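To keep things clear, I will list the structure first and then write my remarks on it.
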Amino acid sequence: MRKRDVGLVAGLALLLVIIVPLSACFGDVKIPVSQVWEAFFNRKSSLNGEIVWEYRLPRILVGLFVGANLAVSGALLQAVTQNPLAAPNVIGMTAGASLFAVLALLIIPHFPVSGLPFVTFFGALFAGLCVYAFAWKKGMDKGRFALSGIAFDALFQAVITGILVFATKGIDAAVIWLAGSLWGRTWEHVFLIVPWSVIGLGFAYLCYRRMNVLQLHDDVAASLGLRVQAARFLIFLIAVGLCGSAVAVSGPIGFVGLVIPHLARLLTRADYQRLIPVSALLGAILMISADTAGRTIAAPIEIPVGILTAFLGAPYFLFLLRRAKL
């Protein structure tokens, strides 16, 4: 990467480092920044140290990885489809992951948290394969992919609603999870998402050359030696893993995967070597900031982070939809 790009990534990483302790200051009990820093290095220094380590820091870290995963998943899907409207929540992957999670929570009482990432992964994979199959026409048609995704998203959302309407037992856990929130997240959730994030984000970055080539016409990409459909499917699977793991620990949170890649392009243009790390950092910053705002705007009432990201992302989606040439 060029010096300018290295500086951008370093600047965003520094901003993230600043936001983390600031976010830990806010909640039912406000803690001065100086005491937050002290708590980071001395967990047992005071009651504030316990609050930071047991409640706020796990929540912040979950938000960091969820934001990064969703943002990069959106960037990968936009690379695969070459469509600016592609995102995990738009093409049905988030809804598919949510559907499988709801079924698991309703069918199996006290479903273990450790099993959710696998359930949501297969849910996102199922949804993605359905969209992929309907978009296939002598190869994956980019326009059909986005339109099929919107249709399947509506279908899965309708099924979830129907299940909740007719279910008689165990819907409390499902309804709370469907709110899309970071409330009550613990170190268990952090340890669940970290392996998926490290592996998924690592593979996403390693595929940046394939994504750059995919931005060319398929014939040109093939002439350069790229197996176009195989590359698309590989990148699609990475996006599924990132999306499914994020949904598993936070519930469905929309529009992060749509908005952040576009913001990253404004800063980096279309080179995925720069776009992937910038998207990850911006996604983490947005998620932590939105969650912090959600627990302070109407305190002591907490606004789920999914509501705030929807308020931010929905108008931008409509703006993109108006500009898109489908």
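The values are calculated or read from the model by the stated rules, or taken from the named source; none is laboratory data. Here the structure is a predicted model, which is why all the values come from computation and not from measurement. Here Cβ is always computed from backbone atoms with ideal geometry, including for glycine, and neighbour counts include all displayed protein chains. Areas reflect the complete protein model, heavy atoms only, side chains present, ligands, DNA and RNA absent. Shrake-Rupley method; radii C 1.70, N 1.55, O 1.52, S 1.80 Å.
Being within 22 Å of L258 (Cα to Cα) and either without any contact (Cβ under 8 Å) to a residue 24 or more places away in the chain or acidic (D, E) (or both) is the filter here; which residues of the stretch 89-132 pass it? If you could, list the steps in order and put the result at the bottom.
Looking only at the stretch 89-132, we keep the residues that are within 22 Å of L258 (Cα to Cα), and these are 89-99, 117, 120-132.
Answer for the stretch 89-132, where residues must be within 22 Å of L258 (Cα to Cα) and either without any contact (Cβ under 8 Å) to a residue 24 or more places away in the chain or acidic (D, E) (or both): just L129.
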Checked the stretch 159-172 for anything farther than 11 Å from S98 by Cα and open to solvent by less than 60 Å² (accessible area, probe 1.4 Å); matches are G162, I163, L164, A167, G170, I171
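Every residue, every condition in (1) in a loop (DSSP other than H, G, I, E, B); (2) among the β-branched types (V, I, T); (3) without any contact (Cβ under 8 Å) to a residue 24 or more places away in the chain, yes or no:
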residue	(1), (2), (3)
F152	no, no, no
V159	no, yes, no
S197	no, no, no
D219	no, no, yes
L226	yes, no, yes
G241	no, no, no
Name the single residue, out of those in the stretch 216-265 being farther than 28 Å from P58 by Cα, small (G, A, S) and in contact with a Leu (Cβ under 8 Å, 6 or more places away or on another chain), that is modelled with the lowest pLDDT.
A221
Restrict the check to the stretch 76-97 and report whether at least one residue is under 30 Å from D153 (Cα atoms), modelled with pLDDT under 90 and part of a helix (DSSP H, G or I).
yes
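Consider the stretch 199-217. How many of its residues are open to solvent by 50 Å² or more (accessible area, probe 1.4 Å) and in a helix (DSSP H, G or I)?
6
Among the residues of the stretch 266-286 satisfying the criterion of being assigned to a helix (DSSP H, G or I) and at pLDDT below 90, which is least open to solvent (accessible area, probe 1.4 Å)?
Filtering the stretch 266-286 down to residues assigned to a helix (DSSP H, G or I) leaves 266-268, 272-286.
Pick out the ones that are also at pLDDT below 90 and you get 266-268.
On the way: L266: 141, L267: 63, T268: 5 Å².
So the residue we want is T268.
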What pairs come up if the first residue lies in the stretch 281-292 and is over 18 Å from V9 (Cα atoms) and touching a residue at least 12 places away in the same chain (Cβ under 8 Å), the second is open to solvent by 20 Å² or more (accessible area, probe 1.4 Å) and outside any helix (DSSP H, G or I), and their beta carbons are under 7 Å apart, counting only those six or more places apart or on different chains?
T292/F26
